[in-house]
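S.K.: Questions regarding the structure given below will be posed in turn.
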Amino acid sequence: MDMDSIEGLNEVRPAVYRTAMKLRSLQKLCHMYVVTLRELIPVLCSLGGARDTGAGLSEQKVRQCINRMFQSVSQEVPGQVSAEAPEMTCRLLYRLFDRGQTGAVCRRSVEAALISLSADTLSAKHKALVRLADRCSGRESGTVSRSGS
């Protein structure tokens, strides 16, 4: 396949670029650029069982999870995480997902946001998000189909 023959391949997409820059800004604000899925996945597993993905999480539980995640990162990469990183991350999650100010956020929303903001490759994030979608749908087969079944 000739890559030059694909129409629009080299065309800059301003909306995509803006979205990528916004995600990068949030990643920097919350210091998530040092958090990989290796540190993130064990912490996410501690939030609840696989069938519990839609459950509401209290702010205290989310804060504990985020503190544990950043402590793990600080042990591996000393000096890379600021003291306010857990607070900024928790505040962002609640601003995004607790619009009704109930004090609880959906577990799957927290997982998806933290995976998306992590420092891993797009491929690794994609795999983690597909696994999350499988768990949420109850399939857990590790495959994605167009039919949704």
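The values are calculated or read from the model by the stated rules, or taken from the named source; none is laboratory data. Given the structure is predicted, the values throughout are model-derived calculations rather than measurements. Glycine also receives a Cβ, built like all others from the backbone with ideal geometry; neighbour counts cover every protein chain displayed.
S.K.: Just one of the numbered conditions (1) modelled with pLDDT of 90 or more; (2) loosely packed, with under 11 Cβ neighbours inside 10 Å; (3) of a type in the set (S, T, N, Q) is not true of residue 67; which one?
M.R.: With respect to (1) modelled with pLDDT of 90 or more; (2) loosely packed, with under 11 Cβ neighbours inside 10 Å; (3) of a type in the set (S, T, N, Q), residue 67 is out only on (2).
S.K.: All but one of (1) touching a Phe, Trp or Tyr at 6+ places or on another chain (Cβ under 9 Å); (2) within 22 Å of residue 133 (Cα to Cα); (3) modelled with pLDDT under 90 hold for residue 39, so report the exception by its number.
M.R.: In the conditions (1) touching a Phe, Trp or Tyr at 6+ places or on another chain (Cβ under 9 Å); (2) within 22 Å of residue 133 (Cα to Cα); (3) modelled with pLDDT under 90, residue 39 misses (3) alone.
S.K.: For the range 72-97, what are the residues that are in contact (Cβ under 8 Å) with a residue 24 or more places away in the chain and among the aromatic types (Phe, Trp, Tyr)?
M.R.: Within the range 72-97, 94 is the sole residue that qualifies.
S.K.: From the list 112, 119, which one is part of a loop (DSSP other than H, G, I, E, B), modelled with pLDDT of 90 or more and surrounded by 11 or more Cβ atoms within 10 Å (Cβ to Cβ)?
M.R.: Values: 112 fails: part of a loop (DSSP other than H, G, I, E, B).
On inspection, the qualifying residue turns out to be 119.
S.K.: In the range 28-48, which residues are under 13 Å from the mean Cα position of the chain (by Cα), part of a loop (DSSP other than H, G, I, E, B) and hydrophobic (A, V, I, L, M, F, W, C)?
M.R.: 30, 35
S.K.: What number of residues in the range 76-107 are assigned to a loop (DSSP other than H, G, I, E, B) and over 27 Å from residue 136 (Cβ atoms)? Even if it seems obvious, please write down each step before you answer.
M.R.: Just the residues of the range 76-107 that are assigned to a loop (DSSP other than H, G, I, E, B), to begin with: 77-84, 98-103.
Filter again for over 27 Å from residue 136 (Cβ atoms), leaving 77-84.
Adding up the residues that qualify gives 8.
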